[in-house]
Amino acid sequence: MTVPFPAASRKDWHAAARALKPEALAFIDGGYRPARSGATFATVNPATGTILADVAACGEADADEAVAAARRAFAAGHWSSAAPAARKAVLLRLAELIEADADAFALLETLDMGKPIRDSLSIDLPAAVRCLRWFAEAIDKLYDEIAPTRGGTLAMVRRAPVGVVAAIVPWNFPLVTAMTKIAPALAAGNSVVLKPSELSPLSAVRLGRLASEAGLPDGVLNVLPGIGPEAGRALALHEQVAALAFTGSTAVGKLLMTYAGQSNMKKVSLECGGKSANIVLADCPDIDRAVEAAAMGAFQNQGQICNAGTRLVLERPIRDAFLERLAALAKTFVPGDPLLPETRFGAMASAAHAARVRGYIAKGEQEGAIRLTGEGPAAPGLSPDTCIRPTVFRGVDNSMTIAREEIFGPVLSVIDAKDMDEAIDIANASPYGLAAAIWTRDLAKALDAERRLDTGFVWINTLRVGDITVPFGGVKASGSGRDKSLHAFDNVTHRKSVWVDLSASS
Ligand code: NAD
């Protein structure tokens, strides 16, 4: 469903962009400061190629200071031991401040990673604020447990904060993903060091100031911009970090597991890559909806979505009619200047990433897939370096590179299946296990498929919908751990057992 673009937001976003002065420093122990080394990295607007800001490139020394500040704040107890209702009040104030500053945050998301301003305003900002409010509201409604032990004893099972959580996040939904990690962590009483992606650090850096204004004690939320193998690695290897909450690529997720093993065996929750199958059977109840969902599910956010339905598995009798409609729809996703309110398809997040995606498109052609869409001139207002049109390949075999590897761009691989069994085999023949969809009017068949699909999420007669109330995460190389819902507290808390011998007390 497309969320209506807020009428009040039809302003001159180019003028707003010129007026915006992004913060570009690290936020540690309640204040902004440069990296100790003085190093910076440029964050670039991918739609134009211009530098937005030179951002503090934090390294090990900065990670040490941020973690020490977080640890001090945790030990001081002003946050970690506060009544959950008191933490809730501060986090709700933070949600209000973000909402009041939504235009600036939306602009930063669009400038930093190229997504259309209408998406930043109607998808990213509401999702980030809703996530924060949801976890704030949840925390004073959770009860601990008393175990059924014998008389004369009291055994409590308490959900305790782990201490310092390092949240390491990617660039495709910068603020939303950061919030998915930090909202449950903060609500549960932890201190956090947030490491945004080097491609999109600006919204996270701005968040630091608002957190202080909302009343978060110094050191409880720290923001550490920097390059992954430097700032991120230093956090992941840190002996005082108790949990890593990660969203990003499978390759880096694997590294984080080794870093945890090389250091203090910190808790690691991973939300990694995907190659989700979207299976449409011949008895699909609504082909028009399925076509629209297949296109949105592959091309929204320029295809840079972990759970995108990038393998479309079509049962043969409907294949040709489905593809005809899909190709026509794909051509309506016209790339354009992300700052124009009417633009629905923006820039790829960086020129380097776009080059990687083009490499996959070339590989698809080399390996014999048939390209149905994706050609066209560069769009006005968009750098040709980061402009890629939605590309549909038919005739894809599940063994081809474009069916096996995560492309993370607007490339849809269409695979034929003779029946549901073959479709499920295709869906499961992937190193990834994030999500899958099946479209059929036969509920028994759909539920049978659900049991056989080896993924963390299954959609039936829909695609890529979700809600903060529903856990999200994968299996296999898509990771472990669950974001969203009360289950997300498991990533950032541990169960502490407390045994009291009542006979010993007078
Ligand atoms: P990435 O793995 O390259 O980077 C993610 C984060 O890890 C960044 O902050 C980066 O700086 C940091 N990092 C990089 N190397 C590191 C290292 N050696 N040590 C510690 N930190 C390091 O991913 P990306 O390119 O930013 O994002 C795209 C990937 O994210 C895709 O694979 C996508 O599927 C995945 N993703 C998954 C989900 C999900 O919920 N499953 C959601 C969004 C994106």
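Residue by residue through segment 273-288, note down the ones that are touching a residue at least 40 places away in the same chain (Cβ under 8 Å) and within 15 Å of L312 (Cα to Cα).
If the condition is that a residue be touching a residue at least 40 places away in the same chain (Cβ under 8 Å) and within 15 Å of L312 (Cα to Cα), then G274, K275, S276, A277, N278, I279, V280, L281, C284 are the ones that fit.
Just the residues that are open to solvent by less than 20 Å² (accessible area, probe 1.4 Å) and assigned to a strand (DSSP E or B), please, taken from segment 42-83.
Within segment 42-83, T43, N45, A53, V55, A56 meet the criteria.
For segment 482-497, which residues satisfy the criterion of being outside any helix (DSSP H, G or I) and either at pLDDT below 95 or open to solvent by 60 Å² or more (accessible area, probe 1.4 Å) (or both)?
Within segment 482-497, R482, H494, R495, K496, S497 qualify.
Are there any pairs, at least 6 apart or on different chains, whose C-beta atoms fall under 6 Å, with the first in segment 161-184 and at positive phi and the second assigned to a helix (DSSP H, G or I) and at pLDDT 95 or above, and if so, which?
Close Cβ pairs satisfying both conditions: G163/F74.
Look through segment 312-371, keep the residues that are of a type in the set (S, T, N, Q) and within 24 Å of the chain's Cα centre (by Cα), and return whichever of them is surrounded by the most Cβ atoms within 10 Å (Cβ to Cβ).
So, considering only residues that are of a type in the set (S, T, N, Q) and within 24 Å of the chain's Cα centre (by Cα), the one surrounded by the most Cβ atoms within 10 Å (Cβ to Cβ) is T343.
Identify the single condition in (1) in contact (Cβ under 8 Å) with a residue 24 or more places away in the chain; (2) part of a helix (DSSP H, G or I); (3) not β-branched (V, I, T) that H238 does not satisfy, given that it satisfies every other one.
Unmet for H238, out of (1) in contact (Cβ under 8 Å) with a residue 24 or more places away in the chain; (2) part of a helix (DSSP H, G or I); (3) not β-branched (V, I, T): (2).
Please work out which residue is nearest to E99 (Cα to Cα), limiting yourself to segment 130-141 and to residues that are open to solvent by 10 Å² or more (accessible area, probe 1.4 Å) and in contact with a helix residue (DSSP H, G or I) (Cβ under 7 Å, 6 or more places away or on another chain).
First, pick out the residues of segment 130-141 that are open to solvent by 10 Å² or more (accessible area, probe 1.4 Å): 130, 133-134, 137-141.
From what is left, the residues that are in contact with a helix residue (DSSP H, G or I) (Cβ under 7 Å, 6 or more places away or on another chain) are 133, 137-140.
Numbers: R133: 11, E137: 17, A138: 20, I139: 21, D140: 23 Å.
Of everything passing the filter in segment 130-141, R133 is nearest to E99 (Cα to Cα).
Need the failing condition index for P34 against (1) touching a helix residue (DSSP H, G or I) at 6+ places or on another chain (Cβ under 8 Å); (2) surrounded by fewer than 21 Cβ atoms within 10 Å (Cβ to Cβ); (3) under 19 Å from P201 (Cα atoms), just the number.
Result: P34 fails condition (1) only.
Given the conditions (1) within 27 Å of F299 (Cα to Cα); (2) surrounded by 15 or more Cβ atoms within 10 Å (Cβ to Cβ); (3) away from the ligand (no atom under 16 Å from the Cβ), report the number of the one that T469 does not fulfil.
(2)
Filter segment 415-438 for residues that are closer than 23 Å to A328 by Cα and either under 25 Å from the mean Cα position of the chain (by Cα) or within 16 Å of the ligand (Cβ to nearest atom) (or both) and give the result. Let's see the steps before the verdict.
Going through segment 415-438, the residues closer than 23 Å to A328 by Cα turn out to be 415-417, 437-438.
Those that are closer than 23 Å to A328 by Cα and either under 25 Å from the mean Cα position of the chain (by Cα) or within 16 Å of the ligand (Cβ to nearest atom) (or both): A437, I438.
Out of all the residues in segment 378-410, which are within 15 Å of L323 (Cβ to Cβ) and of a type in the set (V, I, T)?
T391, V392, V396
Restricting to segment 204-251, what's the tally of residues that are open to solvent by less than 30 Å² (accessible area, probe 1.4 Å), within 9 Å of the ligand (Cβ to nearest atom) and not polar (S, T, N, Q)?
Looking only at that region, the number is 10.
Being buried (at least 17 other Cβ atoms within 10 Å of the Cβ) and on the phi > 0 side of the Ramachandran plot, is that true of even one residue in segment 105-118? I'd like the intermediate steps shown before the answer.
Of the residues in segment 105-118, the ones buried (at least 17 other Cβ atoms within 10 Å of the Cβ) are 105-118.
Adding the requirement that they be on the phi > 0 side of the Ramachandran plot leaves 114.
Yes, segment 105-118 contains a residue that is buried (at least 17 other Cβ atoms within 10 Å of the Cβ) and on the phi > 0 side of the Ramachandran plot.
Which pairs do you get when a residue that is over 20 Å from P161 (Cβ atoms), found in segment 260-272, comes within reach of a residue that is of a type in the set (D, E) and assigned to a strand (DSSP E or B), reach meaning Cβ atoms under 9 angstrom, with the pair 6+ apart or on two chains?
E271/D483
Failed condition for L281, given (1) farther than 23 Å from A354 by Cβ; (2) open to solvent by 50 Å² or more (accessible area, probe 1.4 Å); (3) touching a strand residue (DSSP E or B) at 6+ places or on another chain (Cβ under 9 Å), with all others met?
L281 satisfies every listed condition except (2).
Suppose we filter A42, A26, A15, A47 for residues that are without any contact (Cβ under 8 Å) to a residue 40 or more places away in the chain and within 23 Å of the chain's Cα centre (by Cα); which single one remains?
Exactly one of A42, A26, A15, A47 is without any contact (Cβ under 8 Å) to a residue 40 or more places away in the chain and within 23 Å of the chain's Cα centre (by Cα), namely A42.
So which of V475, V500 ends up being within 16 Å of the ligand (Cβ to nearest atom) and either exposed (fewer than 15 other Cβ atoms within 10 Å of the Cβ) or more than 30 Å from A187 (Cβ to Cβ) (or both)?
On inspection, the qualifying residue turns out to be V475.
Within segment 266-301, work out how many residues are in a loop (DSSP other than H, G, I, E, B) and within 16 Å of the ligand (Cβ to nearest atom).
Number satisfying all stated conditions: 6.
The values are calculated or read from the model by the stated rules, or taken from the named source; none is laboratory data. Here the structure is a predicted model, which means the values were calculated and not measured. Methodologically, a virtual Cβ is constructed for each residue, glycine included, from the backbone with ideal geometry; neighbour enumeration extends over all protein chains shown. Note: accessible area is taken over every heavy atom of the protein model, side chains too, but ligands, DNA and RNA are not part of it. Shrake-Rupley method; radii C 1.70, N 1.55, O 1.52, S 1.80 Å.
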